[in-house]
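Colleague: Quick one: the structure is below, questions incoming.
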Amino acid sequence: MNGLAAALKVAGQSSPCVLHVVGIDRELSPTTGHGADVDGRKGEERRVLEVIHEAVASYHRQIPSSLGTVSSNFLSQSTAPQIIVVLSSSS
């Protein structure tokens, strides 16, 4: 999760941007076969989403107040996301 958090930090500094995480399934517990841990996998998936949510929420709290009221309100109400996170599996 530390690598994901670091990547999200860089994404926040480079926004707007798309962060594409390839092979996320290789980083999580298997759900089939020997050593399958479905409950553990669900917990890991939840933690991944929490890391993403915290990073994006942190980015929105850091919008500079020096932009002025009009610009700041526009940025906070903008419908375009500043960071898009795409998670993909290796299969």
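The values are calculated or read from the model by the stated rules, or taken from the named source; none is laboratory data. Bear in mind the structure is a predicted one, so any value in this text is a computation, not a measurement. Cβ: placed from backbone, ideal geometry, glycine included. Neighbour counts: every protein chain shown. Ligands, DNA and RNA are stripped out before the accessible areas are found, and what is left, the full protein with its side chains, is counted by its heavy atoms. Shrake-Rupley method; radii C 1.70, N 1.55, O 1.52, S 1.80 Å.
Colleague: Quick check: with the 1.4 Å probe, what order do Glu44, Glu27, Glu54 take by accessible area, largest first?
Modeller: Glu27, Glu54, Glu44
Colleague: Sort Ile24, Ile84 from largest to smallest accessible area, using a 1.4 Å probe on the heavy atoms of the protein chains.
Modeller: Of Ile24, Ile84, the descending order of accessible area is Ile84, Ile24.
Colleague: Go through Asp25, Asp39 and list them by solvent-accessible area, largest first, probe radius 1.4 Å.
Modeller: From most exposed to least exposed: Asp39, Asp25.
Colleague: Would you calculate the separation in nanometres between label points at His20 and Leu87, each defined as 7 Å from the Cα along the Cα-to-beta-carbon direction?
Modeller: The two pseudo-label positions are separated by 1.8 nm.
Colleague: A further question follows. Would you kindly find the accessible area of Lys9, with a 1.4 Å probe and non-protein molecules such as ligands, DNA and RNA excluded, rounding to the nearest 10 Å²?
Modeller: Probe radius 1.4 Å; accessible area of Lys9 about 130 Å².
Colleague: Also, I was wondering about something else. Report the full-extension gain for the segment Ser29 to Val10: residue separation times 0.36 nm, less the Cα-Cα distance, to one decimal in nm.
Modeller: Length difference between fully extended and current span is 4.2 nm.
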